Structures are given as C-alpha cells and as structure tokens.
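Remarks on the structure that follows.
The values are calculated or read from the model by the stated rules, or taken from the named source; none is laboratory data. Because the structure is a prediction, the values reported are computed rather than measured. A quick note on method: Cβ atoms are made from the backbone with ideal geometry, for glycine too, and the neighbour counts reach across all protein chains shown. For the accessible areas, the whole protein counts, side chains as well, though only heavy atoms, and no ligand, DNA or RNA atoms are used. Shrake-Rupley method; radii C 1.70, N 1.55, O 1.52, S 1.80 Å.
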Amino acid sequence: SSSGTFALSSIGVGLDFNEYLLSNLADRGQGSYYYLQNPSTMYNILAQEFRGASEIYASNLQIQLDLPPDISLIDASGYPLQRQGNRYTVLPGHLYQKQKKILYFTLALPSVYTYPSRPLGNVDLSFNVQGNFYQVPLIHSDLYVACLPASQSYEAKESINSKVYEERSEEHTSELQS
C-alpha cells in the first residue's frame, strides 16, 4: 500500500485481540484502526470505510525531511520511509474526506556533546488534488533542537507547553478508541 493504490484498515472487537498488531497493520497499510467494544456497530465502521475510500481528498501524500547529517529519522508513526542521503520521505498514502492524520517522528540525535540550540532542518508536504500537484513548506529552519546537560533538565521540561501536549495526547488516544 505504500504505492498508494489501496489501504488496509483493521478492527479490534471485544477484549481479546492484539492491539499492537492491528494498529501497526493499519499504520503500515495507510488505513485506520478501530476498536469496537460491541460488534453490532461494525456495520457503521465498514460503511464509513467504503464511503471514505471513494472520497479521496488528496492522493500520494509525501512528507520530505531534509535533516542535518548527524540527525536520523527512525520512525514516522509506522508509515513507510525512504531515504536518500540526508533527505527522508514519509509515505502516509491518501487523505480521505474528513480524515485527519497525526504523525509522530522519532529522531536519533548525537548526545555525546551538548549544544544550546540548532536548526533541525526543513520539512515539506507534497500531494495531489484532482490531478494538480502541490508542495507546501511545513517547517523551514524555524524548528530547533537542543542537547542540554543533565543539570538543565528542569529547564527543558519547563519549555514544554503541558496543556498543548496533554490536549494532543488526549485527541490521539480518543481517535484510537473510536
């Protein structure tokens, strides 16, 4: 499905299923993962999937990250990755009507030395809508990363907006459960 020609969604029913396996299948298959406590609501999920499959909003989404040579992209929410030198391409597939995709990036950074702040790199999004190609810059050298000594861990933790972090985390958790 990394070619964007199909998507694989998965449904966990009841309490006896492998959530890790099903969510990874859906991520790798560029589809959705659903949890149903009661199988009687499966019709609604299947109807939503079939409706959504016929309503592609943007096709062939690609996220390109140009990272410094000593920073590597390890994972992007389970989506397929391609690498050419310092350029990484994430392939999250199609975006269907009323669908929202949340991606978390796992990066490997050198920590053998400390540095106050440096640019992380550029991030672009490209996609097709009704046959037209679009490329949008998401981040261009205004995202910074720092490696601080342990004595400054309090300062680093204080720089995180906990309200925004909690809201995003709750949104992601509720989407996985619906």
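The fraction of accessible area contributed by carbon and sulfur in the range 116-162 is 56 percent, rounded to a whole number (1.4 Å probe; ligands and nucleic acids excluded). Protein heavy-atom accessible surface, 1.4 Å probe, per residue over the range 1-101: 58 Å². In sequence order, the range 78-85 has phi-based couplings of x, 6, x, 10, 10, 9, 9, x Hz under the Karplus curve 6.51 cos²θ - 1.76 cosθ + 1.60, θ = phi - 60°, and Gly or Pro positions carry x.
Within the shell of other residues whose beta carbon sits under 11 angstrom from the beta carbon of Tyr79, the net charge comes to 0, with Lys and Arg scored +1 and Asp and Glu -1. Kirkwood radius and radius of gyration were both taken over the C-alpha atoms of the range 55-113, and their ratio Rg/Rh is 1.07. Using the Karplus relation 6.51 cos²θ - 1.76 cosθ + 1.60 with θ = phi - 60°, the per-residue 3J(HN,Hα) values for the range 17-24 come to 8, 8, 4, 4, 5, 5, 5, 5 Hz, with x marking Gly and Pro.
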